[in-house]
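Student: Mind having a look at this structure? Questions to follow.
The values are calculated or read from the model by the stated rules, or taken from the named source; none is laboratory data. Just so you know, these numbers come straight off a predicted model, no measurement behind them. Neighbour counts run over all protein chains shown; Cβ positions are idealised from the backbone, glycine included. What goes into the accessible areas is simple: the full protein's heavy atoms, side chains included, and nothing from ligands, DNA or RNA. Shrake-Rupley method; radii C 1.70, N 1.55, O 1.52, S 1.80 Å.
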Amino acid sequence: MGSGGLLLPTVVMLALNVMSAVMVALVKVAMAGGLDPLVLVTLQQLAAAIFLCPIAHFIEGKSRPKMTLQIFAYLFVSAALGAAMRQYMVFVGLRYTTATFVSAFSNIAPVLTFVLAVATRSESLHLRAATGAAKLAGTLVSLAGAMLLTFYRGVALTHPNSAHQLHRSPSSPPSPGADSGRRWTLGTVAILGNCVCLACWYLLQGRITRKYPYVYSCNAFLSTFSFLQVVVVGLCVKHNLASWIITNKLQILTILYSGVVATGMSFVLLTWCIQKRGAVFVAAFVPVSQVIVCIMDFTVLHEPLYLGSVVGSVIVICGLYLLLWGKRQEALQQHPEGAKDDQEQQQQQQVQSQP
């Protein structure tokens with residue numbers, strides 16, 4: 001494929017990374033203004049479902065089979081792990097840490113998936129082969145980066161601008177100087193929970209795609225079921241209907257953007273890029289996403305950039321690439337003809353790994 005065929009997917013991937021970074025900025029400001037994470041994830045999934053359901057019906061409505069009880073059960077659990085619980089934990093993590101930290105830590109989800117796959121014997125690990133050694137080394141390097149992110153904040157390389165405090169409401173969390181250690185720990189636990197949920201979701205989604213290989217319909221059902229799940233929990237936890245009535249224009253924009261653009265539209269565009277250029281091309285933009293989020297964190301959100309976040313991000317990304325290289329080479333050796341399709345299917349399963 002010539003340069004003309006490479007330009008458009010590259011532009012789309014860059015746009016996807018910018019869209020993700022914009023969502024992070026909007027969510028941070030909206031939650032600082034008093035928007036509750038549970039309300040946000042509920043309305044976000046509703047917006048995503050409204051956007052994706054017509055697309056799924058138009059593309060796959062005539063070809064997909066009827067829903068069975070087994071497929072329904074798989075999709076329902078998948079929605080809980082991959083959207084409802086995971087997205088809520090991402091928002092909690094964003095509330096109590098920084099966007100750079102959340103983005104970097106989320107990259108260990110594929111690594112945890114590999115660890116769980118080996119533990120459940122759904123994937124083999126041959127340490128005597130170069131590919132097996134690469135996968136193990138990538139796993140250990142990424143986990144070391146995650147440990148660094150968790151336990152070492154380091155010095156602040158930049159200083160926050162006090163102007164961003166104007167966006168906070170009286171009901172929002174206190175400033176970083178008040179009990180910041182406890183809040184940072186809570187945010188870290190939330191992001192770790194997000195990664196564990198995502199790793200479990202990857203393994204479950206692998207079974208779903210073999211039984212129900214309709215990616216648009218799967219994601220439409222995922223958004224719909226996750227909305228129903230979180231709205232039931234939300235109404236039980238938050239009895240005050242005033243919490244569900246959003247009148248702030250920025251908060252309304254955040255809900256619509258995170259649901260329609262950052263979830264629905266991003267999935268459609270990412271699926272198109274995978275079909276055009278493959279999963280390896282998509283995975284190559286992991287550092288680009290990290291850099292854009294970091295720039296957005298510093299310039300727009302005026303959050304301090306810590307040494308531990310920078311060093312930990314680099315280590316996690318290096319380990320992730322080493323793991324992906326090992327998996328790719330192993331797939332090429334075992335199934336030269338089908339390796340590309342397998343990798344593309346795995347990437348479609350991991351479409352929501354970034355916040």
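Student: Considering only protein heavy atoms and a probe of 1.4 Å, how much of the accessible area of the stretch 64-110 is carbon and sulfur, as a whole percent? Kindly include the intermediate steps, with their values, before the conclusion.
Tutor: Values: 1110 of 1580 Å².
C and S atoms contribute 70 percent here.
Student: Please calculate how many Å² of accessible area the chain carries per residue, with a 1.4 Å probe and no DNA, RNA or ligand atoms counted.
Tutor: Spelled out: the 1.4 Å probe surface of the chain, per residue, equals 46 Å².
Student: Can you quote the Å³ per residue value for the convex hull of the Cα atoms in the stretch 60-106, rounded to an integer?
Tutor: Hull volume normalised by residue count: 96 Å³.
Student: Under a point spin-label approximation (7 Å from Cα along Cα-to-Cβ), what is the Leu250-Thr158 distance to one decimal in nm?
Tutor: According to this spin-label approximation, the distance is 1.8 nm.
Student: Quick check: residue separation of Arg64 and Ala130 times 0.36 nm, minus the Cα distance between them. What number comes out in nm? The partial results should precede the final answer.
Tutor: Working: separation 66, 0.36 × 66 = 23.76 nm, distance 4.08 nm.
Working it through step by step, the gained length comes to 19.7 nm.
Student: List the trypsin sites (Lys or Arg not before Pro) within the stretch 1-78 that fall in a DSSP loop (any state other than H, G, I, E or B) and whose Cβ has at most 11 other Cβ atoms within 10 Å.
Tutor: Within the stretch 1-78, the qualifying trypsin sites (Lys or Arg not before Pro) (loop, at most 11 other Cβ atoms within 10 Å) are Lys62, Lys66.
Student: So how far apart, in nm, are the two label points at Leu140 and Val288 if each is 7 Å from Cα heading toward Cβ?
Tutor: The modelled label-to-label distance comes out at 3.3 nm.
Student: Show the residues, 5+ positions off or on another chain, whose built amide H is closer than 5 Å to the amide H of Tyr306.
Tutor: When sequence neighbours closer than 5 places are left aside, the close amide H contacts are Leu157.
Student: Given Cα pairs under 8 Å that are at least 6 residues apart, what percent is the relative contact order of the chain?
Tutor: Across the chain, relative contact order equals 42 percent.
Student: Continuing with the same structure: Can you flag which of Lys28/Lys276; Lys28/Lys238; Lys211/Lys238; Lys135/Lys211; Lys62/Lys211 are past 26 Å Cα-Cα?
Tutor: Correct reply: Lys28/Lys276; Lys211/Lys238; Lys135/Lys211.
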